[in-house]
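Structure record follows, encoded as structure tokens.
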Amino acid sequence: MKTQSLPFANRLTRVALALLLVFALVPLMPGAALADPADAGADTAATDSSAAADGSAASSTADPADAGATDSSAAAGSSAIDGSAIDSSASLDRLVCIFNETYAEMVQKYNATGNVDDLLTNRANNGSGATNGIASRAALPPKFDLRSQDKVTPVKLQNPWGTCWSFSAIAASETSILSELSESASREPDLSDLSELHLAWFAYTPLSQDAIDLSGSANYQSQVGEGYYTVDADGKHSLDPSVILNQGGSPPTITSVLSSGIGPVRESDAPYRNQNGSTVKDQEGNPVYYSADGGWSVDESLRFASALQLEHVNMLPSPAGTDEQGAYRLNQPGVDAIKSELLQGRAVSINFCADQSRPGTSVDPKYINADTWAHYTYEDAPPNHAVTIVGWDDSYAQSNFLTSAQVPGATPPPGPGAWIVKNSWGSQTGAFPNKFNWGDKGYFYLSYYDQSITNVETLDYDTTKHDTTARGHQGDYRIIDQYDFMPSPSPLALKNVIPTGMANVFTAYERQAVTAVSCETSDPGTTVKYEVYLLDDASTGPKDGKLAAAGTETYEYGGYHLFHHPQSVIVEKGQRYTVVVAQEVDVPKVDGPGESTVYPFLFDLGINRSGWEKQEQEQPGVLTKYARGIVNYEESFLIQGEDSGEYTVDLVDFAAAGPLGEDVDFDNFPIKAYANPAPAPEPGPTPGPEPGPEPGPGPAPEPGPAPEPGPGPTPAPAPAPAPAEATTGTPLADTGDDLGLPVAIATGVAVLAAGVCVVAVVCMRRRRR
């Protein structure tokens, strides 16, 4: 039976609140009380002076004329690069069918159960298939602590803002980098202290023209204004730090920012302090932390600064599992996965449910024992805080946790064992602005059996070319070709039963050597095939060109992945090229035992200004941001394999045919290319005549008329050789910077962000039957 969609306000409210609760967490910080669960997860937002003050604009995906990057064929519903508009219509119908039916079934199931897990399509945290990299239990020591290896940086204090998510990610990054460089914190000061403010600020401020101009790159002109927009109590777009820096955050949001070459930067570049130096003082007049007043913005010249390039984000299975009835059970593979990552020198960022509103104040504890600093959430509770695991102790006693004799209703965990956790609420051993007497010198112990642990991730950086004396424009890569500047709380993953790929078409604005590409995956055990095509003026599709590079990789965990091609691809200035990503994964069958192979394709989307206004009428103040996403024709394509061949669908056409209308918009695919400038090769030497044999004696020539003087042929210069291990393409005319600026608003809180494909393959199966 086909279900009808709910009215927009009701449908959007339920899905938005549920997904916000799952993926974004309310910042729990010193000086801020715990927010109501309905607000838990305000996860995105932003602004910049180049955006419209009221944020109102048409969806950039709705009207090709507004996109400013199309020709007359695009306005007719097909892109100039795709010459198979008629044949593609059937593929478009199939893809939209998957979207519509799985969305309807998702909403139906959620309305029946109220379980937010029924909204998830991102299985990256699922333990299924993520076991190959986990160390054998026998190889895991009973106790391990990265602090003893001098790989953990000092505890910091996040006051006065709700930026726990940024502190957690940066703490995990610092440890990962120091471990990989085999350097201690004291020997590598530049990379032992990275900026939390830089990440938190640029996650929620849209891409500005100033940032593009200051970066010296023309690549992003078509995306000016894309990103999240925070709103104040009057519903106006606000640059106030109290609005921007008090949004929550999720792991995919962090991935979106850092993979774009936006950080991480050193703390000295963007220190966590206000600009006038004012502080909040204790009763004795001693400064405790920097005041919320005095200016906290980060200069746009630093947006595309980066000390190192993010290489992988691994989304691990959570120790907090559920059985078939939905009841809690310990997920041992999740415990083992965290331990394995710690053994490899990577601290682990997690979300969980904390019950203390602020450190140093009297509270009625529910989950934490303030005498032993042992925490155990003994019931299903939404996450509201982010912290960093740096070690474990299998023998940590159950007696350290609260009991009902201490707090009515409290129960100790069913077994021993705890994680050693670094918080962002200061340490009594620290110095201003990180000195605060909380926890066991800023740490606490979290039971293996805690029922609220979720969003478990590690971050790994490309340190192969690291030079502490040099500061690259974007880490190791001067150029990152990309379109997706709308950070997502979580990608929406659909799955097809026939091969389906995603492609982004880029234009090189200088001669460049592409050495790496990246994508995001939503399932553990996903195999990804990467291809790079060089296009020319006659190309009629994203794969209609020269295949210049290809590679395949299978990833243990879902998340973000940077793939290094064994040889670089030279792209001439003005030339178009395509990065194609095709994924496949084995998933449990919907209608029986066993597994089947499906082909995921991922979207980022969210509520735009129009959708936010309708939400405000239904429940004022629930959503504190909206998004602007910019998708132009001839940028992103879906490629679907049919029996009669491959057909392409422009993402603009797919978005226009989708079920969510004008209030929810898409972003481009999270596919990027990483490159460095490739100077034109030096001209080769002019070849001379081939040497001949020495002339021998012979008869004198007969006298005759002198030859008419005339120009001799000029020898052509030899073509200069391409750089070693490089693939070259055909030069095209310089296209310049005339890209036109879209004026639409699209996407925001990825409301469906990981949710539109619980059933995933229903439509395709029905059609094949």
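Counting only residues that are among the acidic types (Asp, Glu) and closer than 26 Å to residue 312 by Cβ, which one in the stretch 538-563 is most open to solvent (accessible area, probe 1.4 Å)? Break it down into steps so the answer makes sense when it comes.
The initial filter retains those residues of the stretch 538-563 that are among the acidic types (Asp, Glu), namely 544, 553, 556.
Add one more test, that the residue is closer than 26 Å to residue 312 by Cβ, and what stays is 553, 556.
Details: 553: 78, 556: 43 Å².
Among those that are among the acidic types (Asp, Glu) and closer than 26 Å to residue 312 by Cβ, it is 553.
For residue 566, all conditions in the list (1) open to solvent by 20 Å² or more (accessible area, probe 1.4 Å); (2) out of contact with any Ser or Thr (no Cβ under 6 Å at 6 or more places or on another chain); (3) free of Cβ contacts under 8 Å to residues at least 60 places away in the same chain; (4) not acidic (Asp, Glu) hold save one; what is the number of the exception?
Here residue 566 meets the rest and fails (3).
Give the stretch 414-463 a look and list any residue that's under 30 Å from residue 261 (Cα atoms) and not in a loop (DSSP other than H, G, I, E, B), or say none. Explain how you work it out, then say what you get.
Our first condition is that a residue be under 30 Å from residue 261 (Cα atoms); within the stretch 414-463, this holds for 421-426, 433-434, 453-463.
Listed by number, the residues that qualify are 421, 422, 425, 454, 455, 456, 457, 458, 459, 460, 461, 462.
Taking only pairs six or more apart or across chains, which ones have beta-carbon atoms under 9 Å, a first residue in the stretch 322-351 that is without any contact (Cβ under 8 Å) to a residue 40 or more places away in the chain, and a second residue that is among the β-branched types (Val, Ile, Thr) and open to solvent by 50 Å² or more (accessible area, probe 1.4 Å)?
Short answer, once both residue conditions are applied: 329/322.
Just name the residue that is modelled with the lowest pLDDT out of those in the stretch 584-634 that are of a type in the set (Val, Ile, Thr) and under 17 Å from residue 658 (Cβ atoms).
Once the filter is applied, the top-ranked residue is 607.
If the requirement is being open to solvent by 20 Å² or more (accessible area, probe 1.4 Å), closer than 19 Å to residue 162 by Cβ and in contact (Cβ under 8 Å) with a residue 24 or more places away in the chain, which of these qualifies: 287, 251, 241?
241
Can you name the condition, by its number, that residue 355 falls short on among (1) at pLDDT 95 or above; (2) open to solvent by less than 40 Å² (accessible area, probe 1.4 Å); (3) farther than 23 Å from residue 520 by Cβ?
(1)
The values are calculated or read from the model by the stated rules, or taken from the named source; none is laboratory data. In this text, all values refer to a predicted model and were calculated from it rather than measured experimentally. Methodologically, a virtual Cβ is constructed for each residue, glycine included, from the backbone with ideal geometry; neighbour enumeration extends over all protein chains shown. We work out accessible area using only protein heavy atoms, side chains counted, and drop any ligands, DNA or RNA first. Shrake-Rupley method; radii C 1.70, N 1.55, O 1.52, S 1.80 Å.
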